[in-house]
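To keep things clear, I will list the structure first and then write my remarks on it.
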Amino acid sequence: MHIKEQERKIELLNEKNTSYSRSVEIQRQALTFSLVAFVVVVMFAVLMVFMFRRQHRLNDKLSVQNEQIRRQKQFQEEQNSRLVELSRQLEDATQAKLQFFTNVSHDLRTPLSLIMGPLEQLTSDDSLTEEQRTSFLQLAK
């Protein structure tokens, strides 16, 4: 009887041992899963930090490029303003030259027209007297 009781205790202990072994195996698997999850989370965190720094560097580069573009745009606007001013000045100068040459032309044509009238009469009319010819020459002179 004592042996049977001992066998029953051994079976009970074997069942507890099997139960504890399963529990330990489940805990081991849970621990392994937890460690893998922790490593993945840490790797993800490291990746996020790396990506954040990279994004920050790219933003800094873009800020520098934006500033350069802004300066270039400002320079081009200044150049455009200067070109518009130079164009206006050139147009004013062209108008002044045109007015000058128009005035010079008028100042030359008026006296020449007054000279041409008597000379044309002298050359076209043969019936003029010597006194009339002299008068027309004096007028032309």
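The values are calculated or read from the model by the stated rules, or taken from the named source; none is laboratory data. As the structure is a prediction and not an experimental result, all values here were calculated from the model. Ideal geometry is used to build each Cβ from the backbone, glycine not excepted, and the neighbour counts take in all protein chains shown. Note: areas computed on protein heavy atoms with side chains; ligands, DNA, RNA excluded. Shrake-Rupley method; radii C 1.70, N 1.55, O 1.52, S 1.80 Å.
Here is how the numbers come out for the structure above:
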quantity: Some residue of region 38-52 being over 44 Å from the mean Cα position of the chain (by Cα), on the phi < 0 side of the Ramachandran plot and free of Cβ contacts under 8 Å to residues at least 60 places away in the same chain; calculated: yes
quantity: Criterion violated by residue 88 - all others in (1) at pLDDT 80 or above; (2) open to solvent by less than 100 Å² (accessible area, probe 1.4 Å) satisfied; calculated: (2)
